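Input: a single structure, listed below in structure tokens.
The values are calculated or read from the model by the stated rules, or taken from the named source; none is laboratory data. Quantities reported herein were computed from a predicted structural model and do not represent experimental measurements. Every residue, glycine among them, receives a Cβ derived from its backbone with ideal geometry; neighbour counts consider all protein chains shown.
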Amino acid sequence: MHQSPNDKNHYRDITLDNQINVILVQDQAVQRSAASLAVRVGHFDDPADREGLAHYLEHMLFLGTKDYPRVGEFQTFISQHGGSNNAWTGTEHTCFFFDVIPEFFEQALSRFSQFFVSPLFNQEALDKERQAVNSEYQMKIHDDSRRFYQVQKELVNQQHPFAKFSVGNEETLCDRESGSIRDEIIQFYQSHYSADLMSVVLVGPQSLDELETMATRLFSAVKNNHLHAKTVTTALLTQNEQQLYVQVEPEKDARKLSLSFSFPNMEQHYATKPLSYFAHLIGYEGPGSLTLLLKNKNWVTSLAAGGGISGSNFREFTIGCLLTAEGLQHIDDIVEAIFSYMKLVFEQGIESWRYVEKQAVMESAFRFQESVKAIDLASYLVMSMQRFPIQEVLYGDYRMSEFDRSLIESFIPYFCVENLRVWVTAKELEYDRQAKWYFTPYSAQKFSDAQIQRWKNPTHFAEFALPSKNPFICYNLDPKPLQTEQSLPRLIEELPGFRLWHLQEPEFRVPKGSLYIAIDSPCSVNTPQNIIKLRLCVELFMESLSRQSYQAEIAGMSYNIYAHQGGLTLAISGFSEKQPQLLHMILEKFAARHFEQQRFDTIKTQMLRKLRNASKDRPLSQLFNHLSGILQPNNPPAGVLAKALEEVSIEELPEFVSTLLGKLYVEMFVFGDWTQEAAQGIADELKDALRVDNQKYKESLRPLVKLGNNGTFQHEIHCDQDDSAVAIYYQGTDSQTGTIATFTLANHLMSSAFFNEIRTKQQLGYMVGTGNMPLNRIPGIVIYVQSPVAAPIDLVASIDEFLNAFYMVLLELTEAQWQNSKQGLLNQIMAPDNNLRTKGQRLWVSIGNKDKEFNNRELVVEHIRTLTRVDMIRFVVNQLKPRTANRLVMHTQGNQHHDAPPLQLGQEIGSIEEFQLMPKDIELG
Ligand SMILES: [Zn+2]
């Protein structure tokens, strides 16, 4: 197998007697073992009158089996042993996967493999799983990508299986007079599932021999029906569906244009990747690019090329733009400009050095690939096995073997008007049809003759130029020799208002690094007006940078600037050799800081739209948004920010930035393939740029409202949506390791029991759970449910009943279960870092948390070890039991439950301003 030199795993591929292809991966460092199974069966295989059957089957397989007949046995086993599981059904594949702590891998795998050997399709769970499928459908019924997908389905050749509805619901999966759907599921399973269509991946610390024994023992019994891989032969598009101009109405306020060109399946060319070559040139964002021209005309805010739907006999190449309001009036012009730029690419852009650049980038990405979690590796590999020859499963996505001019040129003719469909998504257009299942309004008409003429002979734009050579590509890929044995970050410079941390990374020896720069600015976060101004400046800055930083990103570096409760943070990661150039470029831009009116208008409008669209988010997301808004005065909810943003004018920004820079506190962390001198050098450049000399330095305060000893507070949000939702938040009294340990363990113990009770048993909703919710450094727990079937008053009643009885659950655990559960949590917390980037991120969080010894995590773990069952029962009874608990209940009453009585509970938070006058925990930086 072609393997990255940075990949320390051991691989072995075998084929079992029943023709299942298996890849075994030994990764000695993994925290959890993982397995995945993919089968070449998907919704394309659904019977015409049973849409969603493959998906329903995927759900039904996860139930009882001959050896493990109890429904839920697998899930319980996995969650009791620190694991997780999931599955998805795609167009032509279905994929199942899970992870679990290694000691229990074989037992978990035994349960998992039986799904494909002796599933029972338990009669008693038939209805429940149909409900689960139906709620998946219901839950996404307002999701614009789903609503759009359905329109796509209605505008292809209706003989092609892509035309079918993939999710399924109560209606398509109902029992009919002819009998229960169970027989059809079994029939479908027997005629479509077969060992020769399957691939399996096992990942774990176990030896390859052990893994092989497990695979052979557990998967050899899967039946081989010798079905061979199916391919679709019906054309996705006929003349009738080509040259369509489609208008789609979104629910959210969004404006998009997308051009889709249709190609045959391209998988056979994976080694040369001709379409990525085109995508790279068309999607370029630097000087002279199509993107920049369209941005300068104020027609688009972004452009991306190359994605699209694909299947065994089709592949779409999409060029997608987010439009401005003005751009919406210029669709034909934009399409013309796209054709004009493509003409330049086709006539002058097919050059071998461009291919070589892209190849170098892909090679270095492959060579310095960072390891991922076992479950991600397993689910990625198992699908790679369905796409690439076995030797190439690790390399296939990266390989760019050679510049083949004639092959690349042979695909140019596909980029023509005859082979194009244009999609416009925006409100207030004209629509004369409605898509089934998702009720999306849309219209479709053939291109006009004028459009065809124009797009076939596009005007030449003098501004266009092809990308120049990329100065950011790193060719020096050997990491620098280690200077010290140092394994934790060290503070190497401390001035009033400036702190520099450094660590040359000893464990992951790759030529990569991360730079973190936190700029605290108290006066930029003290009012909603200033908070939104800061966010606006960041957006404007990011946007103006994107024009120049594009090549750096292509070369494997990335950067992000984001505003937060204290000010803003700049993070740069990826290959480190050219990071100083990138930082230099960013600082230069920052120093210039001038704001163009047109960009300002566009970005402000965009931000306003995003903030206002938050009121269309899922009820639960809105509750969370308001919850943090109420408790963190520096983090106001979307509505408040939208209001503040309306008032902001461009004239205010320069002064705002000057005030911001007048009072700064900077904390910097240089991590990875950096020597101490180099770290100091880059820090000096930063200090010069920010003029860190003679300012008044001050860290920002990050206040958090304390719930105190006040019993239950409640706050209602009006969402105007069908579902009701409730989120109940419990707050720690301090941020001591003991409190963090107790909250973390309580959440861990509660989460699967809560899920089982509220979702699986009571079926109150699809989005159900509990979670750790630390705010600032104070630990917290949140318990939430969004429900199509019950009003807040009933949801709270169910949750309270659960909380009142929860100590019983703890009492009933066997000693082994108690220890296992605790151990599972400890493993999660102590999970080793997967790669340089995640390690950098973890250390940076420690710096932010003032964890100067970098041992908080260990202290919390030590504390959890000492917690006894009695401690936890006491905590649950004293602090979580509804009658005495101090908590905040956020709720929203769905339109479906208007008739239910309103929730009356505790003290209503009337004015948020007044509520925020309560005592606060004030925390520095
Ligand atoms: Zn599902």
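Quick notes on this structure:
- Pair list, Cβ under 6 Å, 6 or more apart: the range 837-853 residue not assigned by the TED database to the domain that holds SER514, other residue among the small types (Gly, Ala, Ser): ARG837/SER573; GLY840/SER514
- Of the residues making up the range 769-785, those that are assigned to a strand (DSSP E or B) and within 20 Å of the chain's Cα centre (by Cα) are GLY769, THR770, GLY771, ASN772.
- Output for the range 800-857, where each listed residue is small (Gly, Ala, Ser) and either over 29 Å from ALA365 (Cα atoms) or assigned to a helix (DSSP H, G or I) (or both): ALA805, ALA816, SER821, GLY824, GLY840, SER846, GLY848
- Screening ASN457 against (1) surrounded by 19 or more Cβ atoms within 10 Å (Cβ to Cβ); (2) out of contact with any strand residue (DSSP E or B) (no Cβ under 8 Å at 6 or more places or on another chain) leaves a single unmet condition, (1).
- Of all residues in the range 466-484, none that is on the phi > 0 side of the Ramachandran plot has its Cβ atom under 9 Å from the Cβ atom of a residue that is surrounded by 12 or more Cβ atoms within 10 Å (Cβ to Cβ) and not in a loop (DSSP other than H, G, I, E, B), 6 or more apart or on another chain.
- Residue check, ALA790 of a type in the set (A, V, I, L, M, F, W, C), out of contact with any Asp or Glu (no Cβ under 9 Å at 6 or more places or on another chain), free of Cβ contacts under 8 Å to residues at least 40 places away in the same chain and assigned by the TED database to the domain that holds PRO882: no
- Residue check, ASP67 more than 16 Å from the ligand (Cβ to nearest atom), farther than 30 Å from PHE754 by Cα and assigned to a loop (DSSP other than H, G, I, E, B): no
- Test: MET585 is more than 24 Å from GLY848 (Cβ to Cβ), within 23 Å of the chain's Cα centre (by Cα) and outside any loop (DSSP other than H, G, I, E, B): no
- Among the residues of this structure, ILE873 does not count as one that is part of a helix (DSSP H, G or I), in contact (Cβ under 8 Å) with a residue 12 or more places away in the chain and closer than 26 Å to SER628 by Cα.
- Qualifying position, being modelled with pLDDT of 95 or more, of a type in the set (Gly, Ala, Ser) and crowded, with 18+ Cβ neighbours inside 10 Å, among ALA108, ALA125: ALA108
- Close Cβ contacts (under 7 Å, 6 or more residues apart or on different chains) running from residues in the range 356-377 that are at negative phi to residues that are assigned to a helix (DSSP H, G or I) and charged (D, E, K, R) comprise GLU370/ARG837.
- Here LEU227, LEU218, LEU211 are screened, and the one residue that is outside any helix (DSSP H, G or I) and not basic (Lys, Arg) is LEU227.
- For the range 901-918, a residue qualifies if it is in a loop (DSSP other than H, G, I, E, B) and under 24 Å from SER724 (Cα atoms), and the qualifying residues are PRO901, PRO902, LEU903, GLN904, LEU905, GLY906, ILE909, GLY910, SER911.
- Any pair with Cβ under 8 angstrom, 6 or more apart, that starts in the range 528-548 at a residue that is assigned by the TED database to the domain that holds GLN565 and in contact (Cβ under 8 Å) with a residue 24 or more places away in the chain and ends at one that is of a type in the set (Val, Ile, Thr) and part of a helix (DSSP H, G or I): PRO528/VAL640; LEU536/ILE603; CYS537/VAL657; GLU539/ILE603; LEU540/ILE603; GLU543/ILE603; LEU545/ILE586
- Any hit, the range 706-719, residues being among the basic types (Lys, Arg), in contact (Cβ under 8 Å) with a residue 40 or more places away in the chain and either in contact with a His (Cβ under 9 Å, 6 or more places away or on another chain) or in a helix (DSSP H, G or I) (or both): no
Results for (1) aromatic (Phe, Trp, Tyr); (2) in contact with a helix residue (DSSP H, G or I) (Cβ under 7 Å, 6 or more places away or on another chain); (3) within 14 Å of the ligand (Cβ to nearest atom), shown as yes or no for each residue.
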| site | (1), (2), (3) |
| --- | --- |
| PHE77 | yes, yes, no |
| HIS81 | no, yes, no |
| GLU92 | no, yes, no |
| CYS95 | no, yes, yes |
| LEU109 | no, yes, no |
| VAL117 | no, no, no |
| GLU129 | no, yes, yes |
| SER145 | no, no, no |
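- Residues of the range 280-303 include at least one that is in a strand (DSSP E or B), without any contact (Cβ under 8 Å) to a residue 40 or more places away in the chain and within 28 Å of the chain's Cα centre (by Cα).
- Only listed residue being within 30 Å of ARG759 (Cβ to Cβ) and more than 30 Å from the chain's Cα centre (by Cα), chosen from LEU707, LEU653: LEU707
- For the range 162-205, filtered to residues that are polar (S, T, N, Q) and within 16 Å of the ligand (Cβ to nearest atom), the residue that is nearest to the chain's Cα centre (by Cα) is SER166.
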